[in-house]
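Q: My structure is below; once you've seen it, I'll send some questions.
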Amino acid sequence: MKPGERWEFAAFWSGEVLWDVSMARYSTLRTGGPAEALVTVTHLAELKKLLAWLEERCIPWRVVGRGSNILVRSKGFAGVIIQLRGEFNHVIRLEESVEMGSDPVFVRAGAGCSVAKLVAWCTNHALGGMEFMAGIPGSVGGAVRMNAGAWGRAMADSLRSIILIDRLGQVMEVDHSGLRPGYRRMELAQASLDDLIVVAATFVLKRGRQREILRKCRENLKKRREKQPANMASAGSFFKNPEGDSAGRLIDAAGLKGLRHGQAMVSPDHANFLVNIGGATPEDILSLAGEVRERVYQKFGIWLEPEVHII
Ligand SMILES: Cc1cc2nc3c(=O)[nH]c(=O)nc-3n(C[C@H](O)[C@H](O)[C@H](O)COP(=O)(O)OP(=O)(O)OC[C@H]3O[C@@H](n4cnc5c(N)ncnc54)[C@H](O)[C@@H]3O)c2cc1C
């Protein structure tokens, strides 16, 4: 922000704001440079007002979810990082599906709601379709943006529509036919999601037996625990799987498990997890990722693309 704008912002914004806050606290990698301002928004009307204010002054902004797929560089983010909470944490069954009394059931979740809460809500209401997400950290907004998934399914498979807000504060609902889901990314037929904020998503679910849904969730959690390094700060898989192969397999075959740069390490348990073993800087992670890419390229001629969003 330009000199003076901080004061103006402090006068304008009545909600929560943290200045020059380390994003290490807001990233599962437990490292990250500072955000000039971190703002918690709790209502759609507030979000519209905030975007209008920022746009008018050309102040950069970025929305984050639970920080499970981001790495903020050491120089930090000069602008406003937006977190959605409050009314963005809701999960509701839409009236139209209650009345029908049969499948499918439409459930809407706010973008700030955690995936864990959504999965638990669906299980409690004996609604199947989200079990594949059990154990994936993050928010509904982040999961939509990343088209997160596991076990052969991704968010787009369960989506009926998403509700978005653009830079000018206009709200729109885009149904499934307007989405262009890709591997760990979501776009719209008409535009990129980069300039838009997901505020809510509606899922298409099926009534099921609660015990069976719970069993599937537990099974997925168990498989996850067996495959992934426990109690290590990471962003999950650091690189996308190249077509027809697995990034983890390539990194392992290049002999890189256990490779360290500073306090960042290629996990000995899962080669595609770059872990912070305590006090890693963003540069430690980035230089480790750089060497991994280079060495996989030298050995296999494949450039790995990061899945993690570097901010
Ligand atoms: C241990 C571990 C295991 C994981 N396993 C998996 C897995 O199995 N499958 C998988 O797909 N991922 C996995 N991940 C990655 C991560 O959990 C997902 O990508 C998750 O969906 C990110 O959600 P988030 O809320 O944390 O997003 P963030 O990390 O906060 O943000 C990710 C991106 O989405 C954008 N974004 C966030 N919220 C919004 C919004 N409301 N509107 C628009 N853009 C938004 C951000 O700007 C950023 O570019 C794993 C991560 C960890 C740490």
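Bear in mind that the values in this text are calculations on the coordinates, not laboratory data. These numbers were taken from a predicted model, which means no experiment stands behind them. As a convention, Cβ positions derive from the backbone with ideal geometry for all residues, glycine included, and neighbour counts pool all protein chains shown.
Q: Which one of Asn231, Met130, Trp53 is farthest out on the positive end of the charge dipole of the chain, using unit charges on Cβ (Lys, Arg +1; Asp, Glu -1) and the Cα centre as origin?
A: About the Cα centre, the residue reaching furthest to the positive side is Asn231.
Q: Using modelled backbone amide H atoms (1.01 Å from N, in-plane), which distant-in-sequence or interchain residues come within less than 5 Å of Arg180's amide H?
A: Amide H to amide H, under 5 Å and 5 or more residues apart or across chains, Arg180 pairs with Glu187, Leu188, Ala189.
Q: A follow-up question, please. Taking R0 as 41 Å, what FRET efficiency do you get between Ser102 and Leu168 from their Cβ-Cβ distance, rounded to the nearest 0.05?
A: Efficiency for this residue pair is about 0.55.
Q: Going by the alpha-carbon gyration tensor, a ≥ b ≥ c the square roots of its eigenvalues, is segment 247-310 rounded (a/c under 1.5) or, if a/c is not under 1.5, prolate (a/b greater than b/c) versus oblate?
A: Judged from the Cα gyration tensor, segment 247-310 comes out prolate (a/c at least 1.5, a/b above b/c).
Q: Most exposed first by the Cβ proxy, i.e. fewest other Cβ within 10 Å, how do Cys122, Cys217, Cys58 rank? List each step's numbers first, then the result.
A: Values: Cys122 28, Cys217 21, Cys58 8.
The most exposed by this proxy come first: Cys58, Cys217, Cys122.
Q: Between rounded, prolate and oblate, where does segment 88-227 land on the alpha carbon gyration tensor, with a ≥ b ≥ c its root eigenvalues, rounded for a/c under 1.5, else prolate if a/b exceeds b/c?
A: In terms of gyration-tensor shape, oblate.
Q: A further question on this structure: With r as the distance between the Cβ atoms of Asp175 and Arg6 and R0 = 45 Å, compute the FRET efficiency 1/(1 + (r/R0)^6) and round to 0.05.
A: For Arg6 and Asp175, the calculated efficiency is 0.65.
Q: Give me, ordered by chain and number, the residues 5 or more places off Trp61 or on other chains with an amide H under 5 Å from its own placed amide H.
A: Counting only residues 5 or more places away or on other chains, the set is Val80.
Q: Given a cut-off of 22 Å, what percent of all Cα-Cα pairs of segment 5-84 lie beyond it?
A: 20
Q: Arranged by the count of other C-beta atoms within 10 angstrom, fewest first, what order do Ile310, Ile197 take?
A: Ile310, Ile197
Q: Where in the chain lies the longest segment free of chymotrypsin sites (Phe, Trp or Tyr not before Pro) that are both loop residues by DSSP (not H, G, I, E, B) and have at most 16 other Cβ atoms within 10 Å?
A: Longest site-free region, per DSSP loop and neighbour criteria: 1-150.
Q: Can you list the residues of segment 114-153 with backbone N under 18 Å from a point 7 Å past the Cα of Gln210, pointing along Cα to Cβ?
A: Residues 117-131 fall inside that zone.
Q: Using θ = phi - 60° and the Karplus form 6.51 cos²θ - 1.76 cosθ + 1.60, what ³J(HN,Hα) does each residue of segment 137-153 get, whole Hz, x for Gly and Pro?
A: x, x, 9, 4, x, x, 5, 5, 4, 8, 6, 5, x, 6, 6, x, 10
Q: Taking amide H positions as placed 1.01 Å from N in the peptide plane, with prolines and chain starts having none, which residues 5 or more places from Ala235, or on another chain, fall under 5 Å of its amide H?
A: Leu274
Q: Between Ile92 and Lys257, how high is the FRET efficiency from 1/(1 + (r/R0)^6) when r is the Cβ-Cβ distance and R₀ = 35 Å? Nearest 0.05. Show your work: numbers first, answer last.
A: Details: r = 45 Å, r/R0 = 1.27.
Once the sixth-power term is evaluated, E becomes 0.20.
Q: Next question. Convert each backbone phi in segment 250-267 into a coupling constant with the Karplus relation 6.51 cos²θ - 1.76 cosθ + 1.60 (shift: θ = phi - 60°), then list the ³J(HN,Hα) values in order as whole Hz, x for Gly and Pro.
A: Per-residue couplings from phi come out as 5, 5, 5, 5, 7, x, 9, 4, x, 4, 10, 10, x, 9, 9, 9, 6, 4 Hz.
Q: Could you work out how far the C-alpha centroid of segment 223-255 sits from that of segment 1-71, in angstrom?
A: Between the Cα centre of segment 223-255 and that of segment 1-71, the gap is 31 Å.
Q: A further question on this structure: Using θ = phi - 60° and the Karplus form 6.51 cos²θ - 1.76 cosθ + 1.60, what ³J(HN,Hα) does each residue of segment 56-61 get, whole Hz, x for Gly and Pro?
A: Along segment 56-61, the couplings run 4, 9, 6, 8, x, 9 Hz.
Q: Rounded, prolate or oblate for segment 224-272? Axes are the square roots of the Cα gyration tensor eigenvalues, ordered a ≥ b ≥ c, and the cut-off for rounded is a/c under 1.5.
A: oblate
Q: Also: If one computes P(r) from the Cα atoms of the chain, what percent of pairs lie at distances over 30 Å?
A: Across the chain, Cα pairs with separations above 30 Å total 37 percent.
Q: From a point 7 Å beyond the Cα of Lys223 in the direction of its Cβ, which residues of segment 108-126 have a backbone N at a distance under 19 Å?
A: Backbone N within reach: 116, 119-120, 123.
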